[in-house]
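Data block below; observations after.
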Amino acid sequence: MKTIHFKPGEVVFDEGSNSDCAYLIVEGNFEVSRTSNGQKKVIGILKAKDVFGEMGLIDSQPRSATVTALDESEVSVITQDCFHTMERTNPEALVPLLRVLSARIRNSYKLSNMKSASF
């Protein structure tokens with residue numbers, strides 16, 4: 001896997017941009033944000049060993065959020081080629097990635113239900 005370094009304030013990717021890879025945080029912290037009604041909303045902070053961009057790795061759809069480095073950071077890039085190689089040769093290695101994806105889907109349902117209940 002390729003390694004990339006980021007400086008504080010550097011954007012990894014913007015909401016709506018093309019996607020074709022995921023990132024495993026080796027070191028550092030990242031802010032995940034979305035824009036709603038012209039306002040930036042921070043939806044999470046990620047740290048070492050967290051993964052982000054996994055949806056784009058799987059479906060190649062536009063990014064659902066913006067991710068920005070909060071400090072000196074390092075990530076390993078998981079490309080689609082790498083993903084498909086693991087899929088064929090070592091599918092067990094994909095379980096942590098699938099757990100992250102599942103947890104985020106469950107969390108989005110919880111948030112969606114909370115918003116629906118408040119109206």
Per residue convex hull volume, Cα atoms of region 7-69, in Å³:
77
Tally up the carbon and sulfur contribution to the accessible surface of the chain as a whole percent, 1.4 Å probe, everything protein left in place.
53
From most to least accessible, 1.4 Å probe, no ligand or DNA/RNA atoms counted, CYS21, CYS82 line up as CYS82, CYS21
Would you calculate the separation in nanometres between label points at GLU27 and ARG106, each defined as 7 Å from the Cα along the Cα-to-beta-carbon direction?
3.3
Note to self: with every protein chain in place and a 1.4 Å probe, the chain gives an accessible area per residue in Å² of 66
Could you pull out every residue, at least 5 positions away or on a different chain, whose amide H is within less than 5 Å of the one on ASN29? Hs are placed 1.01 Å off N in the peptide plane, and Pro or chain starts have none.
LEU70, ASP71
Sequence neighbours fewer than 8 away in the same chain don't count; with that in mind, list the aspartates and glutamates whose C-alpha is under 17 Å from LYS49.
GLU27, GLU31, ASP71, GLU72, GLU74
Listed peptides 85-94, 7-16 by packing density, highest first (mean Cβ within 10 Å):
7-16, 85-94
Only helical DSSP H runs with n ≥ 4 go in: add -39500 (n - 2.57) per run for the chain, normalise by residue count and round the 222 nm mean residue ellipticity to 500 deg cm²/dmol.
-10500 deg cm²/dmol
Global form of region 39-90, assessed from the alpha-carbon gyration tensor, a/c cut-off 1.5
oblate
Part-to-part distance (alpha-carbon centres) for region 15-64 and region 68-100, which is given in Å
13
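The values are calculated or read from the model by the stated rules, or taken from the named source; none is laboratory data. Because the structure is a prediction, the values reported are computed rather than measured. Neighbour counts are summed over all protein chains in view; Cβ atoms, including those assigned to glycine, are modelled from backbone coordinates with ideal geometry. Accessible surface is based on the protein model in full, side chains and every heavy atom, while ligands, DNA and RNA are left aside. Shrake-Rupley method; radii C 1.70, N 1.55, O 1.52, S 1.80 Å.
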